[in-house]
Amino acid sequence: MASKVKSKEYKREAVPYVEDGKQDTFVPTEPLNPCELEIDLFCRGIRVDDSSALGEEGRPLVRTRAGLGSGLEVIIPGPLKDVWANIPVEEEFAHKSCYRIVREGKALKVVDDRQGFSYPVRLSPEVPWYTRNTTRGVQMQRIGVLQGTYLGIYISNSCGFWYHSPALNCKFCTTGLNVGVNEVELKDVEDVVEVAQTAKAESGVTFTHFNSGYQTNRDLDRAAPYVKAVKSRVGSLIGVQLTPSRDLWKYDRLMDLGADHFSFCYEFQNPEFFAKLCPGKEKLIGQDNFFRALEYTSKKLGKGACSGEIIAGVEPIEDTMAAIDMIAGMGAFPTVCIFRPTIGSDMERWPSPRYEDMLVVYLHLYEACRKNGIPMDVTPNIEVSLIVQPGDTRYLADSSLATKLYDMKLSLMKKAAKPYFWWAGRPKHIKGSEILSE
Ligand code: SF4
């Protein structure tokens, strides 16, 4: 399709970097802005040629859940906002990247070897509590990890799709290889509370995100005790990302227990890609149930509170853009993850997406959020490193009147929402039982 990229001129020419026999097409002729750089780094990865460049700073590379968090966590400073990114380093394509990270004195920079542009970056702050143990003797990092500025906790023992015969796991996923090896399989509520308290006190965490693979239709039931415990004993905004339930009343119960946000990973809009690459979700859940739960929770919690999650760079980008329109049209925000061919997954040998395609997708995301009035970056202190956040795409917008009006609206919303988020992040007395069904 014709590229809608208008924000910068890109020069098409042969370049010295040849990936798997294919020549690069776009080479920036002027330095990228932080969001463009973030997108390109997700697509190309980065080389850490000299291990002393990083020293002991920053966060260790952590391989958990679907394998996405296995990269190098960096912050790209910028005039509108700082951008957090978890950049691929381990995958084969990253070893051939035109980007490398180098140290100059105390400073770190990302150098683009194609034309010599360099960009200052910082490593994400270290997490001093990772190596400490909970009172029960479990290493805290095995309970939860920071991804950007939020605490991510994989609540339960792996994903049922991996244990089917034949296996029905999503083809891009490595959860079955990681949980129980790099993480504790079944998290104890007391451990989770302790880690959430520590993350709040020492790392300023304001958002705790519970996530799990397929739990044979008991997904929401399993999440409920954790939601209630963290909301009532720690105080935090709480997000829940589980396979959807047909029992929509369970979402109401989870909201009563403290859930502020639901996200639904349906991955692909194109039904053929969904069926082929997410066989468990196709056979045991169905794409329609994702849409139904997203629409329901989004209506209940209000504009911008829920999200639909998709992967860009595998299905045609027209499908990805249709997904963005559908999600934003429901009042939810589109969480678009750039496909990463993680080591050990069935799609390990697939190519990483092309920068120019992803730029089109994220420009479209910005426009869809603006047109549908979806709040971006209104919630305080939530930076997500695994994706290009909707708020990051502000760097891609033109300077039209529509952009300025949207900026003004977001700024007013941010101010107005502050007291609410302060209230929502405090420990609360929660009535009712965390047992959803017998
Ligand atoms: S639902 Fe899919 S992506 Fe999620 S853990 Fe299971 S196999 Fe992985």
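When the solvent-accessible surface of protein heavy atoms is calculated with a 1.4 angstrom probe, in what order do 430, 327 fall, highest first? It would help to have the intermediate numbers written out before the result.
Working: 430 20, 327 0 Å².
The residues order as 430, 327, largest area first.
Could you calculate the contour length gain from residue 50 to residue 103, that is, 0.36 nm times the residue separation minus the distance between their Cα atoms, to one decimal place in nm?
Here the answer is 18.1 nm.
Ordering 408, 413, 140, 255 by accessible area with a probe of 1.4 Å, largest first, what comes out?
Numbers: 408 115, 413 60, 140 5, 255 40 Å².
So, going from the largest accessible area down, we get 408, 413, 255, 140.
In the Gaussian network model of the chain, springs joining C-alpha atoms below 10 Å, which of 135, 206, 403 carries the largest mean-square fluctuation?
In this elastic network of the chain, the residue with the biggest mean-square fluctuation among 135, 206, 403 is 135.
Please work out how much length the chain gains when fully extended from residue 95 to residue 299, using 0.36 nm per residue of separation minus the C-alpha to C-alpha distance, in nm with one decimal. Intermediate values should be presented prior to the final figure.
Details: separation 204, 0.36 × 204 = 73.44 nm, distance 4.42 nm.
Value of the extension gain: 69.0 nm.
If DNA, RNA and ligands are ignored and the probe is 1.4 Å, what is the ranking of 315, 104 by accessible area, most exposed first?
104, 315
Between residue 164 and residue 416, with labels modelled 7 Å along Cα→Cβ, what's the label distance in nm to one decimal, could you check?
Going by the 7 Å Cα→Cβ label model, 4.4 nm.
Quick one: if the Förster radius is 22 Å, what FRET efficiency do residue 186 and residue 435 give, using the C-beta to C-beta distance and rounding to 0.05?
Working: r = 17 Å, r/R0 = 0.78.
For R0 = 22 Å, the calculated efficiency reads 0.80.
Residue by residue, what Karplus-based ³J(HN,Hα) values in Hz, rounded to whole numbers, does region 38-43 have, using 6.51, -1.76 and 1.60 with θ = phi - 60° and x for Gly and Pro?
Values, residue by residue: 4, 4, 5, 5, 4, 6 Hz.
Hey, got the dipole for region 327-408? About the Cα centre, +1 on K and R Cβ, -1 on D and E Cβ, debye to the nearest 20?
For region 327-408, the charge dipole is close to 120 debye.
Which entries of 371/414; 231/418; 109/404; 187/250 have Cα-Cα distances beyond 26 Å here?
Details: 371/414 18 Å; 231/418 18 Å; 109/404 31 Å; 187/250 21 Å.
With Cα atoms farther than 26 Å apart: 109/404.
How large is ³J(HN,Hα) for each residue in region 82-87, as worked out from phi by the Karplus curve 6.51 cos²θ - 1.76 cosθ + 1.60 (θ = phi - 60°), to whole Hz, x for Gly and Pro?
7, 10, 9, 9, 9, 8
The values are calculated or read from the model by the stated rules, or taken from the named source; none is laboratory data. Keep in mind that this is a model prediction, so the values were computed, not measured. Note that we place each Cβ from the backbone using ideal geometry, even for glycine, and neighbour counts take in every protein chain shown. Calculation scope for accessible area: heavy atoms of the full protein, side chains included, ligands and nucleic acids excluded. Shrake-Rupley method; radii C 1.70, N 1.55, O 1.52, S 1.80 Å.
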